[in-house]
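> Right, I'll just put the structure down here and ask away after.
The values are calculated or read from the model by the stated rules, or taken from the named source; none is laboratory data. As the structure is a computational prediction, the values presented were derived from the model and not from experiment. Cβ: placed from backbone, ideal geometry, glycine included. Neighbour counts: every protein chain shown.
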Amino acid sequence: MTLHARPYTLQLKHPFTLATGSRRSTPCVLVEINALGVTGVGEASMPPYCGETIDSALAFLERAAHHLPPDPETALREGLSALAPILAEIDRIAPGNHAAKAAVDIALHDWLGRLLGAPCHALLGIPRGPVLPTSFTIGIAGREETAERVAEAAEFPILKVKLGGRDDCAIIEAVRSVTERPVRVDANQGWGEREEAARLVEWLAGQGVELVEQPFSPERFADTAWLRERSPIPLVGDESVRRLSDMAAAADAFDGVNIKLMKCTGMHEAHRMFREAQRLGLRTMLGCMTETSCGIGAALQLAPLAEWIDLDGSLLISNDPFTGVTFVNGRPMMPEGPGIGVSPLSQERRQQPDL
Ligand code: MG
């Protein structure tokens with residue numbers, strides 16, 4: 001089994017501003033795993049605030065290449081259960097490196113699905129089921145630009161509006177001046193004093209906001225629990241809940257969790273997080289970073305399990321090097337075909353050159 005990794009910079013259609021900073025591109029590493037004449041694809045998408053870089057991912061992947069299934073024929077016989085010990089071993093190589101680990105996880109799942117001629121959701125025992133509409137992200141911007149972005153997103157029935165600055169009310173007023181669509185708010189850890197947050201969440205609920213994601217910095221569980229007592233709408237943990245091991249603490253503070261492949265090391269652990277959420281009584285969002293259709297296609301395999309879908313990452317970039325993920329009236333379609341159901345665009349058809 002061989003692993004090939006190459007850097008690829010995701011170009012964002014619009015500068016993307018969150019409470020944590022602004023950027024025009026996202027570093028990414030694309031991975032191919034090949035054995036028995038079959039290739040699986042994966043990706044590590046690494047927004048700078050998550051701490052991984054192209055160099056750290058390439059270094060990790062070089063080490064991970066030595067831990068791939070020594071006998072790919074075993075995977076052919078045993079199916080998905082053959083991957084779990086391999087992924088556990090790769091997880092133990094080094095702490096962190098969540099996106100790099102996800103790239104290997106996705107590529108292995110895709111490879112196995114292609115080898116067996118089955119979509120990953122079927123291998124995972126997840127019924128195909130329709131996927132709910134995704135929210136579409138509106139980054140932090142001025143009043144006019146916010147209204148423009150909302151108009152551009154006319155196809156999408158739900159908006160996810162980034163807040164967490166001084167102008168939160170003005171942003172929501174700008175959105176509400178042009179649309180009555182349901183809005184979800186992501187504060188990206190940007191809120192400070194908790195009494196102020198309680199007043200804001202009350203006001204947001206009155207503006208037809210459905211939920212608030214990550215109001216405070218990740219370690220402020222006690223303040224989040226305090227706010228939950230007072231909030232008329234659900235609070236969803238994102239930066240506070242990266243992996244399965246974070247979920248028990250999250251259940252004491254949040255109503256729901258945002259599960260993302262790039263945070264939790266991939267499809268295997270994400271699937272376990274959905275089961276754990278059910279056990280803990282946590283509601284679930286399936287989210288993403290700015291990613292190619294590879295990461296989105298992989299996440300979609302789990303989409304029938306989620307109550308809220310936030311899988312617009314591939315729509316925010318201008319140089320998606322994969323096809324296979326489509327949206328109809330804001331609803332992502334479960335990709336057709338084996339594995340994660342996406343195909344690399346040929347070199348000539350790419351809109352942008354590689355790094
Ligand atoms: Mg978030």
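> Identify, please: which residue in the stretch 274-289 is more than 16 Å from the chain's Cα centre (by Cα) and either closer than 20 Å to Ala84 by Cβ or more than 16 Å from the ligand (Cβ to nearest atom) (or both) and is, among those, surrounded by the fewest Cβ atoms within 10 Å (Cβ to Cβ)?
Among those that are more than 16 Å from the chain's Cα centre (by Cα) and either closer than 20 Å to Ala84 by Cβ or more than 16 Å from the ligand (Cβ to nearest atom) (or both), it is Gly281.
> From Ala122, Ala107, Ala88, Ala103, grab the single residue that is modelled with pLDDT of 95 or more, closer than 17 Å to Cys264 by Cβ and out of contact with any strand residue (DSSP E or B) (no Cβ under 6 Å at 6 or more places or on another chain).
Ala88 is the lone residue from the list that is modelled with pLDDT of 95 or more, closer than 17 Å to Cys264 by Cβ and out of contact with any strand residue (DSSP E or B) (no Cβ under 6 Å at 6 or more places or on another chain).
> So which pairs qualify, if the first residue must be in the stretch 187-199 and at positive phi, the second must be among the aliphatic types (A, V, I, L, M) and within 16 Å of the ligand (Cβ to nearest atom), the Cβ gap must be under 7 Å, and the two must be at least 6 apart or on different chains?
Once the first residue is at positive phi and sits in the stretch 187-199, its partners that are among the aliphatic types (A, V, I, L, M) and within 16 Å of the ligand (Cβ to nearest atom) give Asn188/Leu18; Asn188/Ala19; Gln189/Ala19.
> Please work out if Asp105 is closer than 30 Å to Glu219 by Cβ, in contact (Cβ under 8 Å) with a residue 24 or more places away in the chain, under 24 Å from the mean Cα position of the chain (by Cα) and within 16 Å of the ligand (Cβ to nearest atom). Give the derivation first.
Numbers: closer than 30 Å to Glu219 by Cβ: yes; in contact (Cβ under 8 Å) with a residue 24 or more places away in the chain: yes; under 24 Å from the mean Cα position of the chain (by Cα): yes; within 16 Å of the ligand (Cβ to nearest atom): no.
No; evaluated as a whole, the condition is false for this residue.
> Further question: Condition check: over 22 Å from the mean Cα position of the chain (by Cα), surrounded by 15 or more Cβ atoms within 10 Å (Cβ to Cβ) and on the phi < 0 side of the Ramachandran plot. Does Ala100 satisfy that?
No, not satisfied.
> Now for a different question. Somewhere in the stretch 24-36, is a residue among the aliphatic types (A, V, I, L, M), out of contact with any Gly (no Cβ under 6 Å at 6 or more places or on another chain) and farther than 20 Å from Cys264 by Cβ?
yes
> For the stretch 164-188: of the residues being within 16 Å of the ligand (Cβ to nearest atom) and charged (D, E, K, R), which is farthest from the chain's Cα centre (by Cα)?
Here the residue is Asp168.
> Are any residues in the stretch 294-307 crowded, with 23+ Cβ neighbours inside 10 Å and not in a loop (DSSP other than H, G, I, E, B), and if so, which ones?
Cys294, Gly295, Ile296, Gly297, Ala298, Ala299, Leu300
> Do we find a residue being assigned to a loop (DSSP other than H, G, I, E, B), touching a strand residue (DSSP E or B) at 6+ places or on another chain (Cβ under 6 Å) and modelled with pLDDT under 95 anywhere in the stretch 42-52? Steps first, please.
In the first step, residues of the stretch 42-52 are kept if they are assigned to a loop (DSSP other than H, G, I, E, B); the result is 46-47, 51-52.
Imposing the further condition that a residue be touching a strand residue (DSSP E or B) at 6+ places or on another chain (Cβ under 6 Å) reduces the set to 46-47.
Next cut, modelled with pLDDT under 95 only: 47.
Yes: one or more hits.
> Filter the stretch 278-293 for residues that are part of a helix (DSSP H, G or I) and touching a helix residue (DSSP H, G or I) at 6+ places or on another chain (Cβ under 7 Å); which is nearest to Ile158 (Cα to Cα)?
Ser293
> Please specify each residue of the stretch 219-233 satisfying the condition of being over 12 Å from Asp252 (Cβ atoms) and of a type outside the set (Asp, Glu).
Arg220, Leu227, Arg230, Ser231, Pro232, Ile233 - these are the residues of the stretch 219-233 that are over 12 Å from Asp252 (Cβ atoms) and of a type outside the set (Asp, Glu).
> Ok, one more. Name the pairs: first residue in the stretch 336-348 and modelled with pLDDT of 95 or more, second residue among the β-branched types (Val, Ile, Thr), Cβ to Cβ under 6 Å, at least 6 apart or on different chains?
From the stretch 336-348, the pairs are Ser343/Thr323.
> Could you please find all residues in the stretch 54-87 being among the hydrophobic types (A, V, I, L, M, F, W, C) and within 20 Å of Gly113 (Cβ to Cβ)?
Scanning the stretch 54-87 gives Ala64, Leu68, Ala75, Leu76, Leu80, Ala82, Leu83, Ala84, Ile86, Leu87.
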